[in-house]
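These notes concern the structure reproduced below.
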Amino acid sequence: MAINKVIYGGRTLIDLTGDSVTPDKLTKDVTAHDKTGTPIVGTNTFDVDSTDATATEAETLNGMIFYARGARRIGTMKNNGAVSGTISSKFEEYTVSQGFHDGSGKVQIASTEQAKLTPENIREGVTVLGVTGTMSSSEGMKPQEKSVTPSTEEQVVLPDSGFNCLTQVTVAAIPYVESDNSAGGKTVTIG
């Protein structure tokens, strides 16, 4: 027979009748007495009420155990560790894969493209990715001056071999000569 209330000398020394402890609310393997005075052993292995947890398996690392909504769960999220990548062209994008990243990965411009980002490869007054250009418009120029004589045929004027541009083209005046003729007028000779 269990005792749940002890009165001695008119004074209540123990009164379990109002207690609400039950085995499911008592930590596992801890002993106590319920409101009837009967000894009980705790069965509760939870240290928190997880019924309002919102984590999912996909949001927890693969193989990691967690508790949510009153249940034991195992994560499925991929561990990508240090994710690294390079970008080699103007419109290329790097897609970050789904999963966990440890924070030490990097995405950068490919080293072959970085080597091209020098001041002398960028037009003067233009800044590309923090590199300010110094290239003027005359690097590598081999200019030529040319003179041409007009004719009755169309002419295309290009630089000669060994030159890559023209700095000046001088077109001679079309010859024009007036002379008296036997009929008492003028003869005009053009060209």
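Throughout, read-outs are computed from the coordinates displayed, never taken from laboratory work. Computed from a predicted structure; not experimentally measured. Cβ placement follows ideal geometry from the backbone for every residue including glycine, while neighbour counts extend to all protein chains displayed.
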Quiz item: Straight-line reach from Lys5: which aspartates and glutamates have a Cα under 16 Å away, not including same-chain ones fewer than 8 places off?
Solution: Asp15, Asp19, Asp34
Self-check item: Proximal lysine pairs, the stretch 55-190, alpha carbons under 23 Å, eight or more residues apart or interchain
Solution: 4
Self-check item: Nearby lysines by direct alpha-carbon distance to Lys25 (threshold 20 angstrom, same-chain neighbours under 8 apart not counted)
Solution: Lys35
Quiz item: Pick from Arg72, Arg123, Arg11: which is most flexible by mean-square fluctuation in a GNM of the chain where alpha carbon atoms under 10 Å apart are linked?
Solution: Arg11
Quiz prompt | Candidates Ser179, Ser50, Ser161: whichever shows maximal mean-square fluctuation once the chain is modelled as a Gaussian network with Cα springs under 10 Å | solution = Ser179
Practice problem: Please sort by residue number the GluC sites (Glu not before Pro) in the stretch 146-191 whose DSSP state is loop and whose Cβ has at most 14 other Cβ atoms within 10 Å. | Solution: Glu153, Glu154
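Quickly estimate the mean residue ellipticity at 222 nm for the chain, helices only: each DSSP H run with n ≥ 4 gives -39500 (n - 2.57), and the total goes over all residues, rounded to 500.
Numbers: 1 runs with 4 residues, N = 191.
The helix contribution divided over the chain gives -500 deg cm²/dmol.
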Quiz item: Which is the longest stretch in the chain that no exposed loop site breaks, taking sites as chymotrypsin sites (Phe, Trp or Tyr not before Pro) with a DSSP loop state and at most 16 other Cβ atoms within 10 Å?
Solution: 95-162
